[in-house]
Amino acid sequence: MKPIIPITFSVDDNYVKHASVVINSILSNSSKEYHYEFIIFDNGILDKTKKLLQKSLKNYQNASVRFLDLRVKTSKFLTTNIQSAAIFDRLFIPEVLKKYDKVIQMDADMVVLDDISKLYNEDISGVYVGCVVDRFIQQHIKDKDSVWLRDVPQLQKYNWKTYIKNYLKLNKPTEYFNAGMMLMNLKLMRKDKISKKLIDYLQKHQPLALCDQDALNAVIQDKKKILSPHWNFVIDFSIIYPDDIYSKTKNEPLGIIHRKLWDNNYLLGYSDYYYQYLPKEFSNIQYRVPKEIKEEDITFVCTGKIFTKGIFTTKKSLQSVRKYFPKSKIILSTWEGEDLSSVQGLCNEIVVNPLMRPTYWAHLESCPWKALNTYDLQQYSVHKGLKACKTKYAVRFRTDFILRNRNFFKEYLRFNKIFNKYEADCQIFEERVLIHETLTINPHIGDLGFTQHPADVFHFGLTSDLLKLWDGGVMPRSVYNYFNEGHQEPNPCFFASQYIIEQYLWVALLERCRKTAGVPSYYLAKNSELIELTDRFFISNFIILDEKLLGISSKFDKIQYSQKYRFFSLRHFCERYLNFIDKCSENVKNIIKLCDDIEKSRNDMITFLIPFQKIYNMITNSVCFHKIKQIFQWLILPLLSLIYLIKYYKILYKRLK
């Protein structure tokens, strides 16, 4: 049987999550030669929370947890600036844990980075506790300030130097210790009835600035062993006083980091330790296990009318799919009356939908560029195509898109491995859905930085996920007729509808999933909360790539070049991912660096070309150039006429011959 190391925490339901981080860090970094028994003093922990903590330990064979409720003993004590009786649990540890001679008592706002058995095996025979000096109090003594004391009317006449010396009457004020971590000699404490002395002291000495910590220092006095700061490194002290000799130990390997490490803003950098050890059972951050996808698992659902003229014809579109994905299926979902002769033999199945016409406008009557609202048509056509799909994965593909390579498939597999985490409270899709950067609006830009506006022109993901988005529903009258019904919000785009078509596709899904906090009141509504929720929903559900990484050509390429600043770029995606999901991901950091290098190279090239642009402008703006241009224009027409005449006479000569 392995020797036992007992470790105690005192927490309420809110702090069990933080205690689980400490426990996980201990078990991850400590010797496997011991059994670690975690004793949790219960200050109102829900049964479901207890089960979560127990579940988080299931992979450790050398750990156990049990709960003790001491609230009957602790609730009678007065707390001053700390409004919880939980802090008094540690006063009773010697009496309630009689089977142990030694125990490690810890606060829940810590992370353990060293083998805690080293701490447990420190020799504390002849003393009550092994502990670390409280450097904050030492600084307060040095500065003669009254922080915390001035909050208690009866203590306002003291500063920390006089409070420690005259009120607590410590023999060695410079050895005032922090009670957040104590290695306790329970055998000696029971022998000398320290629990009773602590309780008596609390009852006779009120008020106290730091409650139980003051009582522990006053009662224990010199009967303690001062340990290295390695075992209780208060991180915010090192931030405030970086030149203190205590702070400089941060350059050495740390044993126990102490303070609320989940505070990303104040403890940025150090908080990474907290999230590294946060068990998944308590984390909003969840993992998606990347799946292996074969080409034959995919169906391309090409939707829309048949294009027979121009660069981006439907025939070329389907041929490009067949060229790069010969094992995948192709379903064409189009309308009655379309000429299918050019696409015969290129599809596995053709879904012909009854001809539908838009019945309402997307813009107000006064809008000079008004267009029809095609939301219902798109929903119907795409939904019917996806319903005909029998494979696990599907690509929603416009009939005027042309594949240039297999990039989107390769990049989806690659980025799925990199972006393998998501926020559980922002999850909409079972797996990530790949979408086009063009028309996926970045909410952080100016007035037209719409919130919750992902692109609708391309989707690749689970067929079941795509069917959530393309459910076949229609746009309600209250939405498409929003501004015609007298709503007075600013409407610079002259929309008749409450939302833009692409935007409503996503907003309607958020509403169906009851994620209403992330739904804007109308297309232009924006505040800091909506911007943040847009970022969080996007980085938890999508992969967003531009046309080059997707390997797709379309008429939207021109928009990408001219309005790229408006779109949700890969770099922005990575920044948000680091901020909200995984601050430690080196792969994501490397992508940002690569994006920056590419942007720098582009700017360098532009800088290099500026002198040539100036020379070109000088030439084209010169009088001489315009005269030459005019002469050329005068000559070109007769020259072309001569060429056509020669061709005509050649053809005529051949026929006569």
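Quick one: of 58/224; 410/555; 161/204; 315/548, which pairs are farther than 32 Å apart, Cα to Cα?
58/224
Through the Karplus equation 6.51 cos²θ - 1.76 cosθ + 1.60, θ set to phi - 60°, convert the phi angles of segment 6-14 into ³J(HN,Hα) values in whole Hz; use x for Gly and Pro.
x, 9, 10, 9, 10, 9, 9, 4, 5
Return the distance in nm (one decimal) between the two label points of a simple spin-label model at residue 125 and residue 55, each offset 7 Å from Cα along Cα→Cβ.
4.6
Show 288, 66 ordered by accessible area, largest first, where the area counts protein heavy atoms only and the probe is 1.4 Å. Don't jump to the answer; show the numbers that get you there.
On the way: 288 30, 66 75 Å².
Sorted descending by solvent-accessible area, the residues read 66, 288.
List the relative contact order of the chain as a percent without decimals, with contacts defined as Cα pairs under 8 Å and 6+ residues apart.
Numbers: 1058 pairs, mean separation 67.0, N = 657.
After rounding, I find 10 percent.
Cα-Cα pairs above 24 Å in segment 432-534: how many percent?
Numbers: 1103 of 5253 pairs.
Within segment 432-534, distances greater than 24 Å cover 21 percent of Cα pairs.
By accessible area of protein heavy atoms, probe 1.4 Å, what ranking do 302, 584 get, highest first?
584, 302
Taking a probe of 1.4 angstrom, what is the accessible area of residue 439 in Å², to the nearest 10?
30
Under the classification rounded if a/c is under 1.5, otherwise prolate if a/b is larger than b/c and oblate if not, where does segment 332-479 fall, given a ≥ b ≥ c as square roots of the Cα gyration tensor eigenvalues? Walk me through the intermediate numbers first.
On the way: a/c = 1.71, a/b = 1.07, b/c = 1.59.
Judged from the Cα gyration tensor, segment 332-479 comes out oblate (a/c at least 1.5, b/c at or above a/b).
Pull up the cross-link candidates among the aspartates and glutamates for residue 50, meaning alpha carbon to alpha carbon under 17 Å and not fewer than 8 places away within one chain.
12, 13, 37, 42, 69, 281
Using +1 on the beta carbon of Lys and Arg, -1 on that of Asp and Glu, and nothing else charged, what's the dipole of segment 119-249 about the Cα centre, debye to 20?
Roughly 620 debye, rounded to the nearest 20.
Run the numbers on segment 18-128 and let me know its relative contact order in percent, using alpha-carbon pairs under 8 Å that are six or more apart.
Relative contact order, segment 18-128: 42 percent.
Let me know the charge dipole size of the chain about its Cα centre in debye, to the nearest 20, where only the beta-carbon of Lys, Arg (+1) and Asp, Glu (-1) is charged.
1800
Just for the Cα atoms in segment 1-132, what are the lengths along the principal axes, largest first, rounded to whole Å?
41, 40, 25
Enumerate the residues in segment 416-436 having an amide nitrogen under 16 Å from the point lying 7 Å beyond the Cα of residue 590 toward its Cβ.
416-420
By how many degrees, between 0 and 90 and to the nearest 10, does the Cα long axis of helix 501-512 differ from the longest principal axis of the chain?
Its long axis makes an angle of about 40 degrees.
Take the Cβ-Cβ distance between residue 467 and residue 46 as r, set R0 to 30 Å, and report the resulting FRET efficiency rounded to the nearest 0.05.
Numbers: r = 37 Å, r/R0 = 1.22.
With R0 = 30 Å, the Cβ-Cβ based efficiency is 0.25.
Taking the Cα atoms of the chain alone, what are Rg (to one decimal) and Dmax (as a whole number) in Å?
35.1, 129
Could you sort the peptides 56-62, 273-279, 440-446 by per-residue average Cβ neighbour count (10 Å cutoff), highest mean leading?
273-279, 440-446, 56-62
Just add up the charged neighbours of residue 290: K/R +1, D/E -1, any other residue whose Cβ is under 12 Å from the Cβ of residue 290. If you can, show how the numbers build up before the last one.
Values: positive: 288, 291, 414, 417, 421, 432; negative: 292, 431.
For residues surrounding residue 290, the net value is +4.
Please label the shape of segment 105-255 as rounded, prolate or oblate, based on the square roots a ≥ b ≥ c of the eigenvalues of the alpha-carbon gyration tensor (a/c under 1.5 means rounded; beyond that, a/b larger than b/c means prolate, else oblate). Could you put the intermediate results ahead of the total?
Numbers: a/c = 2.07, a/b = 1.11, b/c = 1.87.
Cα axes put segment 105-255 in the oblate bin.
Give the angle, between 0 and 90 degrees and rounded to the nearest 10, that separates the Cα long axis of helix 314-324 from the longest principal axis of the Cα atoms of the chain.
For helix 314-324, the angle is close to 50 degrees.
Just the accessible area for residue 365, please: 1.4 Å probe, Å², rounded to the nearest 10?
Counting only protein heavy atoms, the figure is 140 Å².
Kirkwood Rh and Cα-based Rg: tell me the resulting Rg over Rh for segment 283-337, rounded to two decimals.
Rg/Rh: 1.19.
Largest first, how would 464, 333 line up by accessible area (1.4 Å probe)?
464, 333
What do you get for the angle between helix 47-56 and the principal long axis of the chain? Use alpha-carbon atoms, 0 to 90 degrees, nearest ten.
Value to nearest ten degrees: 80.
Any chance you could run the full-extension gain for residue 192 through residue 563? It's 0.36 nm times the residue separation minus the Cα-Cα distance, nm to one decimal. Intermediate results must be reported in sequence, preceding the final value.
Values: separation 371, 0.36 × 371 = 133.56 nm, distance 7.69 nm.
Taking 0.36 nm per residue and subtracting the Cα distance, the gain is 125.9 nm.
For residue 525 and residue 292 in one chain, what is 0.36 nm times their gap in residues minus the Cα-Cα distance, to one decimal in nm?
79.9 nm
Considering the dipole of segment 23-77 built from charges on the beta carbon (Lys and Arg +1, Asp and Glu -1) around the Cα centre, which of 23, 56, 34 is farthest to its positive end?
Checking the options against the dipole of segment 23-77, the answer is 56.
Heads up, I need the accessible area for residue 291: 1.4 angstrom probe, whole protein in place, Å², nearest 10.
Residue 291 exposes around 90 Å² with every protein chain in place.
The values are calculated or read from the model by the stated rules, or taken from the named source; none is laboratory data. Please read all numbers here as calculations on a predicted model, not as lab measurements. Cβ sites come from the backbone with ideal geometry, for glycine too, and all protein chains shown count toward neighbours. Remember, those area values only see protein heavy atoms, side chains included, never the ligands or the DNA or RNA. Shrake-Rupley method; radii C 1.70, N 1.55, O 1.52, S 1.80 Å.
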